[in-house]
1. For E39, state whether it is touching a strand residue (DSSP E or B) at 6+ places or on another chain (Cβ under 9 Å) and either closer than 25 Å to E145 by Cβ or not polar (S, T, N, Q) (or both).
2. Among the candidates K111, K134, single out the residue that is open to solvent by 80 Å² or more (accessible area, probe 1.4 Å), under 17 Å from the mean Cα position of the chain (by Cα) and at pLDDT below 70.
3. From N77, N46, which residue is assigned to a loop (DSSP other than H, G, I, E, B) and either over 12 Å from the mean Cα position of the chain (by Cα) or of a type in the set (V, I, T) (or both)?
4. With respect to the numbered conditions (1) open to solvent by 70 Å² or more (accessible area, probe 1.4 Å); (2) part of a helix (DSSP H, G or I); (3) closer than 27 Å to N77 by Cβ; (4) free of Cβ contacts under 8 Å to residues at least 24 places away in the same chain, which one is the sole condition not fulfilled by Q9?
5. Taking the stated definitions as given, is E73 exposed (fewer than 15 other Cβ atoms within 10 Å of the Cβ) and free of Cβ contacts under 8 Å to residues at least 40 places away in the same chain?
6. Quick one: what pairs do we get from the range 129-148, first residue closer than 10 Å to I49 by Cβ, second modelled with pLDDT under 90, C-beta under 6 Å, 6+ apart or different chains?
Amino acid sequence: MLNHNEEKQLSELLAKLEFPVSKELFKSIMSSFVSVPIELAIFNKNDQILLTYREDEEYQGFHMPGTVLQNNETVPNALERLFNTEIKGLKLSEPKSIGWLEINKGSGEGKNNSRHEISLLHQCMLIEPDNETKYNFFELSKLPENTLPHHSKIIREMITKKVT
């Protein structure tokens, strides 16, 4: 529990906070507050889902494109940021909101075990592939074993809400 002086100091520091922040600070913030990830399912004409490969200190394996809503950012702006970074170069349909999924701290969902999040689920369709960039599309019933554990749960939810 913080004492009065610590609360005051934290309040002053949080007022100065601007994203992006270090991974260490991000983890600390996310473990104390509810985070709002923006998750994007991209389907191709064969009803397969796009997964990207991630290899960093947090995880090695496949995951869905996504980002976390930042302070004072709108969902459309977060999606635009995602389109300009993680999935740059693909021609996609306009993303459609298909609902949300809550994952609670301690629910045993892999790395998400340390935080509570409300994931805003979106989907879009691949209009035209990008020949310069290799993206991996997978059958919905045959996701790779090394798919980020909580993304497997999100993908199952996305399948039930998929708009055709």
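The values are calculated or read from the model by the stated rules, or taken from the named source; none is laboratory data. The structure displayed is predicted, hence computed values, not measured ones. Here the Cβ is made from the backbone with ideal geometry for all residues, glycine too, and neighbour counts use every protein chain on show. Remember, those area values only see protein heavy atoms, side chains included, never the ligands or the DNA or RNA. Shrake-Rupley method; radii C 1.70, N 1.55, O 1.52, S 1.80 Å.
1. Judged against the criteria, E39 is a match.
2. Residue meeting the stated conditions: K111.
3. Working: N77 fails: assigned to a loop (DSSP other than H, G, I, E, B).
Among N77, N46, only N46 is assigned to a loop (DSSP other than H, G, I, E, B) and either over 12 Å from the mean Cα position of the chain (by Cα) or of a type in the set (V, I, T) (or both).
4. Of (1) open to solvent by 70 Å² or more (accessible area, probe 1.4 Å); (2) part of a helix (DSSP H, G or I); (3) closer than 27 Å to N77 by Cβ; (4) free of Cβ contacts under 8 Å to residues at least 24 places away in the same chain, only one is false for Q9: (3).
5. no
6. L140/I159
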